Amino acid sequence: MTVEYLTLGGYLIILVLLGLGFRRMAATMSDFVRGGGRGTWWLVGSSMTMAGISAFTFTGNGSAAFEAGPTFLIIYVANCTAYLIGWLFLGAWYRQTRAYTVADVIRARFGTAVEQFSVYSGLALAPLSSAIQLWALAMFTTAVFGFPLTTTIIVIGGVVVAYSTLGGRWAVMATDFVQGVVMMSITTVMAILALYHIGGLGQFFSYFTDPRFVDDFRLVKEPGQFNNDRFTWQWIIVIFLMQIQGQISLNTAGRFLAVKDGREASRASLLAFILMFAGSIIWFIPPMVARFMYGDEIMAQDLSNPSESAYSYIALQLLPNGLMGIMIAAMFAATMSSMDSGLNVQVGVIVRNLIPRLRSGLGLNPDISNRAQMLICYISTLLIGGFIVICAILFARQQEIILFDAFLLIGSVIGLPLAFPKLMGLWIKRIPFWSYFVIFGACMAPSLVSFYDSRINGISWTIQERAMWIFIWGTAATLVCMALNRFSTAKQREQIDEFFETMHTPVDFDKEIGDSTDHAQAKLVGVSTLFMAAAASFLLFLPNDWTGRLWIAGIVLSIAAIGMALLLYAKRHRPPEEPPESILEELQPETPLAAETATKSE
């Protein structure tokens, strides 16, 4: 394991250095929480993809692939469909809101009360969600690879907090990009090795009709075949609707707020579609091959859920010496990219939407200096990051998992009701401010009934049953709110009209923001990617046969090729009036638009 420790150590150090490299670009609150609205399509698109996956991709979803074949891919079909919608128009709409945070978008659509409700509910739930992801990753790596549990939590959490504090949103996007390059490289090699091991693509698909696997690997399962009627037609339809509604509601606007303009937002979403589509194929071939080739050995492991180790098990069997460290790094990257994005989002709403409102309520001037805003950003990042790490350690040290199960139940009960009115508010103009709470209350009704039945009556609702009734009640409440829209005030209707008008007005980057940093972004990320390739090249000196060294060389060259492509991109986008050495020194803080800084009341 010495090689794996050295590989991971070098990998984590590079991430911190990358955050340090972007520190000078996070000069204002806007820079810290949304990259100043200057992000390039390739940087935002790759970050968007990485933020959408976690270690659960390789554990929980890998387990579903191992047990039931390709049916669970309906989740990724929904993700890809949402990214296509983002490419066609939705990404541009979100960027054109000209908001700094998702809470800004919610305030513009639903008013201050809903904004504050979203702020406080997000601050309550998001850090716990990140803590559970961090804890789950640490538990997995401890069980499979023998890593110290508490140490793993502290190290991963500490690294994320370090680069997020140093460089803000810039560091988050840059590290997501580099981690994405590493993850896609190693998982592509893993998929190829798995197919080669089983005898090729044709042999792989032949197992789908093998009598031992045919029932489990058919696309649509029979009711009762799996627990809670998973993978049936009803499950497929409801899961698709659940997943896509979560991807195209106002909650996801934050993905696009860092990009330069609507055109770049569309390109970012297209890149995310391409990466997610490719990932949907290459990430889940190995666990299916593991079922065909090592099913009995995997299920015989002394683990609480041995099927969740399918990906790591086959990786240990097939990867050349030294590459397992990169594979572990890829699993770390998946969780770290979700954690850093969530951390940055919560810091943004604190400094932008929470502190000014509290100051205003105390009779103080809600406007504070840039220096004070940056100080709040740093302190909030450290505090929330520390809270996430502490919660993850507490989860890990408990002997019972009741708290963990309870949080997952609460998340499934309240998550969809929180998101559904935001979906309706985006696509339906004729619902007033107060409709959010009416629709949310209607969606909570079946959730509360299901919770009561589960805890009191011992009757378990399946996720598709709960979601179906939430959709029905939420839709009915939406229709009622549309019918009562005429009772909303003229001022509210005027603000809603202004929201949709702004959302459909293209951003003029040169006039509204200016000071393009395309060159600086590509140069810093390109150099970091080359440095990552150089570090990985040391694995070539480990004892391996010639085929193992070829696979390592392929990974190194693929990472290096992307780094060189970024440097060429940087060269083409070098500002002609400035020498390349001084581009970072010439970055100027963005002057916020009046429309973005004005706080509107109901």
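The values are calculated or read from the model by the stated rules, or taken from the named source; none is laboratory data. All values derive from a computational prediction rather than experimental measurement. Methodologically, a virtual Cβ is constructed for each residue, glycine included, from the backbone with ideal geometry; neighbour enumeration extends over all protein chains shown.
Summary of computed values
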quantity	calculated
Every residue from the range 427-440 that is surrounded by fewer than 22 Cβ atoms within 10 Å (Cβ to Cβ) and either free of Cβ contacts under 8 Å to residues at least 12 places away in the same chain or under 27 Å from the mean Cα position of the chain (by Cα) (or both)	W427, I428, F437, F440
Test for G348: is it at pLDDT 90 or above, more than 30 Å from I192 (Cα to Cα) and either aromatic (F, W, Y) or touching a helix residue (DSSP H, G or I) at 6+ places or on another chain (Cβ under 8 Å) (or both)	yes
Breaking point among (1) assigned to a helix (DSSP H, G or I); (2) surrounded by fewer than 18 Cβ atoms within 10 Å (Cβ to Cβ), for P543	(1)
Number of positions in the range 447-499 that are farther than 24 Å from Q225 by Cα, in contact (Cβ under 8 Å) with a residue 24 or more places away in the chain, assigned to a helix (DSSP H, G or I) and of a type in the set (G, A, S)	4
Matching residues in the range 71-101 - criterion: being under 16 Å from the mean Cα position of the chain (by Cα) and either over 22 Å from L275 (Cβ atoms) or not in a helix (DSSP H, G or I) (or both)	T101
Any chance M173 is buried (at least 22 other Cβ atoms within 10 Å of the Cβ), out of contact with any Phe, Trp or Tyr (no Cβ under 6 Å at 6 or more places or on another chain) and within 19 Å of E4 (Cα to Cα)	no
Any chance M503 is surrounded by 17 or more Cβ atoms within 10 Å (Cβ to Cβ), under 29 Å from W235 (Cβ atoms) and out of contact with any strand residue (DSSP E or B) (no Cβ under 8 Å at 6 or more places or on another chain)	no
Answer residue from the range 422-464, given it is at pLDDT 90 or above and of a type in the set (K, R) and is farthest from E498 (Cα to Cα) among those	K422
Hey, V556 β-branched (V, I, T), outside any loop (DSSP other than H, G, I, E, B) and free of Cβ contacts under 8 Å to residues at least 60 places away in the same chain or not	yes
Considering residues of the range 298-310 that are over 19 Å from L195 (Cα atoms) and not hydroxyl-bearing (S, T, Y) only, the residue farthest from the chain's Cα centre (by Cα)	A300
So E308, is it within 30 Å of T187 (Cα to Cα) and surrounded by fewer than 20 Cβ atoms within 10 Å (Cβ to Cβ)	no
Top-ranked residue of the range 465-490 - restricted to ones that are surrounded by 17 or more Cβ atoms within 10 Å (Cβ to Cβ) and among the β-branched types (V, I, T), ranked as modelled with the lowest pLDDT	I470
Output for the range 182-206, where each listed residue is within 16 Å of the chain's Cα centre (by Cα) and either surrounded by fewer than 24 Cβ atoms within 10 Å (Cβ to Cβ) or not aliphatic (A, V, I, L, M) (or both)	M184
All positions within the range 107-146 that are surrounded by fewer than 20 Cβ atoms within 10 Å (Cβ to Cβ), more than 30 Å from I355 (Cα to Cα) and aromatic (F, W, Y)	F145
When residues of the range 25-45 are limited to those that are in a helix (DSSP H, G or I) and of a type in the set (A, V, I, L, M), the one surrounded by the most Cβ atoms within 10 Å (Cβ to Cβ)	V44
Conditions (1) assigned to a helix (DSSP H, G or I); (2) surrounded by 13 or more Cβ atoms within 10 Å (Cβ to Cβ); number of the one not met by S516	(1)
Pair list, Cβ under 6 Å, 6 or more apart: the range 220-236 residue assigned by TED's automatic domain parsing to the domain that holds L73, other residue surrounded by 16 or more Cβ atoms within 10 Å (Cβ to Cβ) and aromatic (F, W, Y)	K221/F231
Residue under evaluation P320, criteria (1) outside any helix (DSSP H, G or I); (2) at pLDDT 95 or above, criterion not met	(2)
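This table checks each residue for (1) on the phi < 0 side of the Ramachandran plot; (2) in a loop (DSSP other than H, G, I, E, B).
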{"residue": "V220", "(1), (2)": "yes, yes"}
{"residue": "P223", "(1), (2)": "yes, yes"}
{"residue": "N228", "(1), (2)": "no, no"}
{"residue": "F240", "(1), (2)": "yes, no"}
{"residue": "I244", "(1), (2)": "yes, no"}
{"residue": "R255", "(1), (2)": "yes, no"}
{"residue": "L271", "(1), (2)": "yes, no"}
{"residue": "I274", "(1), (2)": "yes, no"}
{"residue": "I281", "(1), (2)": "yes, no"}
